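Notes follow once the structure below has been shown.
The values are calculated or read from the model by the stated rules, or taken from the named source; none is laboratory data. It should be emphasised that the depicted structure is a prediction, and the values quoted were computed from it without experimental measurement. When we count neighbours, we look across all protein chains shown, and the Cβ atoms used for this are built from the backbone with ideal geometry, even at glycine. Protein only, heavy atoms only, side chains kept; ligands, DNA and RNA dropped before computing areas. Shrake-Rupley method; radii C 1.70, N 1.55, O 1.52, S 1.80 Å.
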Amino acid sequence: MINFYYKTCVDFMVKAKSVDKENWRFASIMYLTSFLSLIFMSIFILVEKIFKIEVFAFKMNKIGIIIFCFIPALILNYLLVFYRKRYIYLLKNYEGSNGKYIIRFMLVSILMTLISIFY
């Protein structure tokens, strides 16, 4: 599972490098974080709907999404990919697959969000 995530990260980084050579790190972490936060949000919504328990003490609004979904995803991405310049190791050991993993990651996160909303 972590290998799939690393391949996805490398795919994002290679694409971002080809588009913007200066800000590719920022673009990579923001795209990864946004789609991972969608997955976190979907998991929270599904837990609330299936188990009939309230995960949050307050309703899911913009601040709740930022606190419980976006910030943990940002920290996780930073620690797994960018902490101590780990991206150099990842770029060296994994190769980009021309967007194949990006598309899969995006589709899974969007489908999970739609399933959690309409479940």
Being surrounded by 15 or more Cβ atoms within 10 Å (Cβ to Cβ) and under 15 Å from VAL14 (Cβ atoms) is the requirement here; does SER37 meet it? no
I'm trying to understand the selection: among the residues of the stretch 18-32, which are among the small types (Gly, Ala, Ser) and under 13 Å from the mean Cα position of the chain (by Cα)? ALA27, SER28
Result of the Cβ filter at 7 Å on the stretch 70-93, keeping first residues that are closer than 21 Å to ILE39 by Cβ and partners that are open to solvent by 90 Å² or more (accessible area, probe 1.4 Å), at least 6 apart or interchain, is PHE82/ARG25
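Only one of ILE75, ILE63 is more than 24 Å from PHE118 (Cβ to Cβ), surrounded by fewer than 14 Cβ atoms within 10 Å (Cβ to Cβ), at pLDDT 80 or above and of a type outside the set (Phe, Trp, Tyr); which? Give the derivation first.
Numbers: ILE63 fails: at pLDDT 80 or above.
Unique residue meeting the criteria: ILE75.
Do the conditions hold for LEU90, that is, is it surrounded by 17 or more Cβ atoms within 10 Å (Cβ to Cβ), within 18 Å of the chain's Cα centre (by Cα) and either of a type outside the set (Phe, Trp, Tyr) or assigned to a loop (DSSP other than H, G, I, E, B) (or both)?
When the stated conditions are applied, LEU90 passes them.
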Residue check, GLU54 against (1) of a type outside the set (A, V, I, L, M); (2) open to solvent by 40 Å² or more (accessible area, probe 1.4 Å); (3) part of a helix (DSSP H, G or I), all met but one. Which one? (3)
ASN98 vs (1) outside any helix (DSSP H, G or I); (2) closer than 14 Å to CYS9 by Cβ: all pass except (2)
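For the stretch 99-113, give me each residue that is open to solvent by 80 Å² or more (accessible area, probe 1.4 Å) and either without any contact (Cβ under 8 Å) to a residue 60 or more places away in the chain or under 19 Å from LEU38 (Cα atoms) (or both).
ILE103, ARG104, LEU107, LEU111
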Is it fair to say LYS15 is closer than 19 Å to GLY96 by Cα, open to solvent by 60 Å² or more (accessible area, probe 1.4 Å) and either not basic (Lys, Arg) or not in a helix (DSSP H, G or I) (or both)? no
In the stretch 1-59, residues that are over 30 Å from TYR89 (Cα atoms) and among the basic types (Lys, Arg) total 3
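Tell me, which residue of the stretch 19-29 that is open to solvent by less than 60 Å² (accessible area, probe 1.4 Å) and part of a helix (DSSP H, G or I) is nearest to PHE70 (Cα to Cα)?
Among them, the one singled out is ILE29.
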